[in-house]
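The values are calculated or read from the model by the stated rules, or taken from the named source; none is laboratory data. Since the structure is predicted, the reported quantities are computational estimates derived from the model, not experimental observations. Using ideal geometry, Cβ is built from the backbone for each residue, glycine included, and neighbour counts are taken over all protein chains shown. For accessibility, only protein heavy atoms count, side chains too; no ligands or nucleic acids. Shrake-Rupley method; radii C 1.70, N 1.55, O 1.52, S 1.80 Å.
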Amino acid sequence: MATEGPAVRRVQVAEHPRLLKLKEMFNSKFGSIPKFYVRAPGRVNIIGEHIDYCGYSVLPMAVEQDMLIAVEPVKTHILQLANTNPLYPDFSTSANNIQIDKTKPLWHNYFLCGFKGIQEHFGLSDLTGMNCLVDGNIPPSSGLSSSSALVCCAGLVTLTVLGMNLSKVELAEICAKSERYIGTEGGGMDQSISFLAEEGTAKLIEFSPLRATDVKLPSGAVFVIANSCVEMNKAATSHFNIRVMECRLAAKLLAKHKSLPWKEVLRLEEVQAKLGISLEEMLLITEDALHPEPYSPEEICKCLGISLQELKTQILSTNTQDVLTFKLYQRAKHVYSEAARVLQFKKICEETPDNMVQLLGELMNQSHMSCRDMYECSCPELDQLVDICRKFGAQGSRLTGAGWGGCTVSIVPADKLSSFLENVHEAYYQRSNRSLAPEKQSLFATKPGGGALVFLEA
């Protein structure tokens, strides 16, 4: 249940090769043995892209890949972080003076986000230190939420060290809020599924209040993840935060158009809720109220009846101050249509029609088209990979995660799986003259995994 905290399991470390290896590495690094281990999974979003921060429901599932941290609380107030991957350097800091540098999305800053989130939630000033060794097997910057999994894992590590209790929902909300310390204005999907996931089922995640409902995926199909090998780091690019702002501005203009109190409106979902109408009707209002040509800051001011100074100080975030054009019509159109596709996807999963896999695939294809053309968060490699996946038997294929690189997710009839994997591997990874590192060539079938937990050595 979401009202409970994450599970605590007693395990024989010797029977789990990854835990055993981590324990040995921890011992050679710190000269002691971990007190406990925490894991938090990455996720694949099946449908519902870029709409969580607009207030709309999404449909992810946890993947088996995760962040795993070995932990030992220490008497000093020093936080020592190390990573099993030599690309990520060691880091240490005082537990009572956490500084997160927004200008550099370094790996340890994601840990610090989770740590600081729990620290601030309980209003603690005198925190114990700890030694932590992090081991992640989620490909970084691939759209499978490696960074959010690290934030969630760190939050649960900190909670466990403190001996405090929180429900999974509370943990998800704290971690979603604390990831913003690094400058990413995400909506909360990634942290929610990391804590609320359950093996064998995808989840419809709804916000305000946060809740999760099981969605049973079709038994005759498999979801396959393929990495385009183009890296995209959300915190390092302005694309993501500009989209968040375009949606906010679109919401304000739509609210003004309908004579709603636009100043307090922040999300596109709020406009629909205040008007009490369907998503289909919101799409009609978008056609009516917004024009496809990009808006300049000056035109936005004119529409809202405010000065450029007010726009910059009261509405725009620091990293969107210098943007010259905003595409409001396209972004709103994507969000309202994508929100409707999520609900249709869930309905088809519940009704299980004979052509279920085909119908779900069509929704995934429409989602990709909207991400590509209306939200402009795809890239040539993702489009090529999606085409290849469809060509070799996927009923539907789309980018997943923020986009601009990262992974695709495809729905593939189970009987076509092995030929699909073989053909896509050859067509995308072998034929394209990409200098692809083998560890990035990830193409794998996935099934819904479980959520974050704590391991104690039995």
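For a quick protection proxy, order the peptides 203-216, 60-73 by their average other-Cβ count within 10 Å, most packed first.
Top of the packing list down: 60-73, 203-216.
What accessible area per residue, rounded to a whole number of Å², is obtained for the chain using a probe radius of 1.4 Å?
For the chain, the per-residue accessible area is 42 Å².
Among the listed pairs 104/203; 102/391; 177/274; 312/333; 21/391; 23/216, give every one whose C-alpha distance is greater than 30 Å.
Flagged as over cut-off: 104/203; 102/391; 21/391; 23/216.
Counting pairwise Cα distances across region 214-357, what percent come out greater than 27 angstrom?
For region 214-357, the share of Cα pairs beyond 27 Å comes to 36 percent.
Kindly provide the Kirkwood hydrodynamic radius of region 182-270 in Å, to one decimal, from all pairs of distinct alpha carbon atoms.
Answer for region 182-270: a Kirkwood hydrodynamic radius of 16.3 Å.
I want the local charge near residue 420. Using Cβ-Cβ distances under 13 Å, sum +1 for each Lys or Arg and -1 for each Asp or Glu among the other residues.
Net charge in that neighbourhood comes out at 0.
Give, as a single signed number, the net charge of other residues whose beta carbon lies under 12 Å from the beta carbon of residue 56, with Lys and Arg counted +1 and Asp and Glu -1.
Taking every Cβ under 12 Å from that of residue 56, the sum is -4.
So if each residue of separation counts as 0.36 nm, and I subtract the Cα-Cα distance between residue 318 and residue 458, what length gain in nm does that give?
Fully extending the segment from residue 318 to residue 458 adds 45.5 nm.
Leaving out ligands, DNA and RNA, what percent of the accessible area of region 88-141 is carbon and sulfur, probe 1.4 Å?
With neighbouring chains kept in place, the figure for region 88-141 is 49 percent.
So what J values fall out for region 277-288 if you push phi through Karplus, 6.51 cos²θ - 1.76 cosθ + 1.60 with θ = phi - 60°, rounded to Hz, Gly and Pro as x?
The phi angles translate into 10, 7, 5, 4, 5, 5, 5, 5, 5, 4, 4, 6 Hz.
So which aspartates and glutamates pass the test for residue 29, namely a Cα distance under 20 Å, with those fewer than 8 places away in the same chain ruled out?
The reachable aspartates and glutamates, counting only those whose Cα sits under 20 Å from residue 29, are 72, 90, 135, 457.
For region 288-428, report the % of Cα-Cα distances exceeding 18 Å.
65
How much net charge surrounds residue 277 when only other residues with a Cβ under 15 Å from its Cβ are counted (Lys, Arg +1; Asp, Glu -1)?
Residues near residue 277 contribute -4 overall.
Beyond 20 Å, what percent of the Cα pairs of region 1-75 remain?
Here the tail beyond 20 Å accounts for 51 percent of pairs.
Testing the spin-label approximation: label points 7 Å from Cα along Cα→Cβ at residue 425 and residue 18. State their distance in nm.
Calculated label separation equals 2.1 nm.
Roughly what would the spin-label model give for residue 306 and residue 87, points 7 Å off Cα along C-beta, in nm?
In this crude spin-label approximation the distance works out to 4.1 nm.
Once every Cα of region 112-204 carries one equal point scatterer and solvent is ignored, give the base-10 log of I(q)/I(0) from the Debye formula at q = 0.14, 0.19, 0.20, 0.22 Å⁻¹, two decimals.
-0.50, -0.90, -1.00, -1.18
Taking Cα atoms of the chain, Rg/Rh with Kirkwood Rh, to two decimals?
Rg/Rh: 0.97.
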